[in-house]
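Okay, so here's the structure we're looking at.
The values are calculated or read from the model by the stated rules, or taken from the named source; none is laboratory data. Please read all numbers here as calculations on a predicted model, not as lab measurements. Note that we place each Cβ from the backbone using ideal geometry, even for glycine, and neighbour counts take in every protein chain shown. Just so you know, the surface numbers come from the protein's heavy atoms only, side chains and all, with ligands and any DNA or RNA stripped out. Shrake-Rupley method; radii C 1.70, N 1.55, O 1.52, S 1.80 Å.
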Amino acid sequence: GFSEPKSYTEDASETDLAKHDEEDYVEMKEQMYQDKLASLKRQLQQLQEGTLQEYQKRMKKLDQQYKERIRNAELFLQLETEQVERNYIKEKKAAVKEFEDKKVELKENLIAELEEKKKMIENEKLTMELTGDSMEVKPIMTRKLRRRPNDPVPIPDKRRKPLNYLLTDEQIMEDLRTLNKLKSPKRPASPSSPEHLPATPAESPAQRFEARIEDGKLYYDKRWYHKSQAIYLESKDNQKLSCVISSVGANEIWVRKTSDSTKMRIYLGQLQRGLFVIRRRSAA
């Protein structure tokens, strides 16, 4: 009977110990919760103040990315600016070169035109000296009218008048030789020889084609022709040449052969008399 109370006391002490351990565990858990909550509040406070380590770390990374993008953008802007500047300088040099080239071309064209006019005036002077049609020798012409016993003199004058300033030196000499032969009764058969046929005066008054120059353009056979126009040039011996009109003067045109790029001068008189015939052709 003595041992039973002793066993009950031992059981009671074990129960108390279990309760005490459970209370300690709950209290420890509560403390951990409070510590965790306090830590989160402290991190939130640091975040609001900007002193949180994780926040500072991420901000530093963002700042590096920002600076890198800014640096790349500045480099790109610099490259684009340099490219634009290079293009500007290049285009400016090209414009200056084109201006200088055009200036030289204009001078050369004017010089060529003046040279053509000079040659034309020299030919006119030679023509007037050979034919006596110069305005400066009008008194001599009036004297000729007084002493006009022979009829052949006025006839060649009338025939020559429409061709003034339009013939080459060679054609002028041929016409003069023909006139002299017509005056001389001893040689009537000479004008029929082949070498004199192209320049016989019978062809001169019968102008088969209308040809004139106005405003730097040629009016020929009811058509207008201008500089750089592609044409066919047919001569009296049935030769057909492919040409381009290189310039239009006062009483003549210059053409350039497409075969060898050589130039020829064609007078209005030659076109009017049919020594040369112009046909249009495609520029292609």
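Is it the case that some residue within segment 47-58 is in a helix (DSSP H, G or I), touching a Leu at 6+ places or on another chain (Cβ under 9 Å) and surrounded by 10 or more Cβ atoms within 10 Å (Cβ to Cβ)? Taking every residue of segment 47-58 in turn, at least one turns out to be in a helix (DSSP H, G or I), touching a Leu at 6+ places or on another chain (Cβ under 9 Å) and surrounded by 10 or more Cβ atoms within 10 Å (Cβ to Cβ). Each residue in segment 199-240 was checked for being open to solvent by less than 50 Å² (accessible area, probe 1.4 Å) and either touching a Phe, Trp or Tyr at 6+ places or on another chain (Cβ under 8 Å) or modelled with pLDDT of 85 or more (or both), and 13 of them qualify. Within the bounds of segment 244-253, is there any residue that is within 25 Å of the chain's Cα centre (by Cα), surrounded by fewer than 20 Cβ atoms within 10 Å (Cβ to Cβ) and part of a loop (DSSP other than H, G, I, E, B)? No: segment 244-253 contains no residue that is within 25 Å of the chain's Cα centre (by Cα), surrounded by fewer than 20 Cβ atoms within 10 Å (Cβ to Cβ) and part of a loop (DSSP other than H, G, I, E, B).
Just one residue in the set 114, 62 is open to solvent by 100 Å² or more (accessible area, probe 1.4 Å) and under 30 Å from residue 268 (Cα atoms); that residue is 114. Pairs meeting the criteria (first residue in segment 93-115 and closer than 30 Å to residue 252 by Cβ, second residue open to solvent by less than 90 Å² (accessible area, probe 1.4 Å) and hydrophobic (A, V, I, L, M, F, W, C), beta carbons under 9 Å, at least 6 apart or on different chains) are 112/254. When 72, 123 are checked against the criterion of being within 30 Å of residue 171 (Cα to Cα) and either exposed (fewer than 10 other Cβ atoms within 10 Å of the Cβ) or more than 28 Å from the chain's Cα centre (by Cα) (or both), a single residue qualifies: 123.
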